[in-house]
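Just so you know, all these numbers are worked out from the coordinates, no wet-lab data involved. If you're wondering where the values come from, they're calculated on a predicted model, not measured in any experiment. Cβ sites come from the backbone with ideal geometry, for glycine too, and all protein chains shown count toward neighbours.
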Amino acid sequence: MKVKVKFFAALRECVGSSEITREIGEGSTVGELWEALQRDYPKLTPVNMALLYAVNRDYVNTGHVLQDEDEVVFVPPVSGG
């Protein structure tokens, strides 16, 4: 299965790209995808912030099971005004 992964702000800087396509195993969860991305992009490992997770524009938790062609967005906290 393939998913499209989007990164914003500090996460984009850690990965060096705003979007990637990733092969994942059937039944993979958002949390498992995040763990795999941390292994592939070590700069993500120290990211210790309260991330939000969205799949196909709906907010989900880390246990959400991904489907082929899903769009996954990791959203770091934002501030300002």
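Applying a DSSP loop filter and a limit of 11 other Cβ atoms within 10 Å to the trypsin sites (Lys or Arg not before Pro) in the chain leaves R57.
So which chymotrypsin sites (Phe, Trp or Tyr not before Pro) in the chain end up in coil per DSSP with only 13 or fewer other C-beta atoms within 10 Å?
F8
In the range 2-75, the DSSP beta bridges split such that about 75 percent are antiparallel, to the nearest 5. Label sites at R57 and V75, each approximated as a point 7 angstrom past Cα along Cα to Cβ, lie 1.3 nm apart. In the chain, the DSSP-assigned H stretches of four residues or longer account for a calculated mean residue ellipticity at 222 nm of -6500 deg cm²/dmol, using -39500 (n - 2.57) per stretch and the full residue count as denominator. Under 5 Å between amide hydrogens, built in the peptide plane, is the criterion, and for S18 it picks out nothing among residues at least 5 positions away or on other chains.
Placing a pseudo-label 7 Å from each Cα along the Cα-to-Cβ vector at K6 and E35 gives an inter-label distance of 2.7 nm. With kT/(6 pi eta Rh) evaluated at 37 °C and eta = 0.692 mPa s, and Rh the Kirkwood radius from Cα pairs, the range 2-75 diffuses with a coefficient of 270 µm²/s according to Stokes-Einstein.
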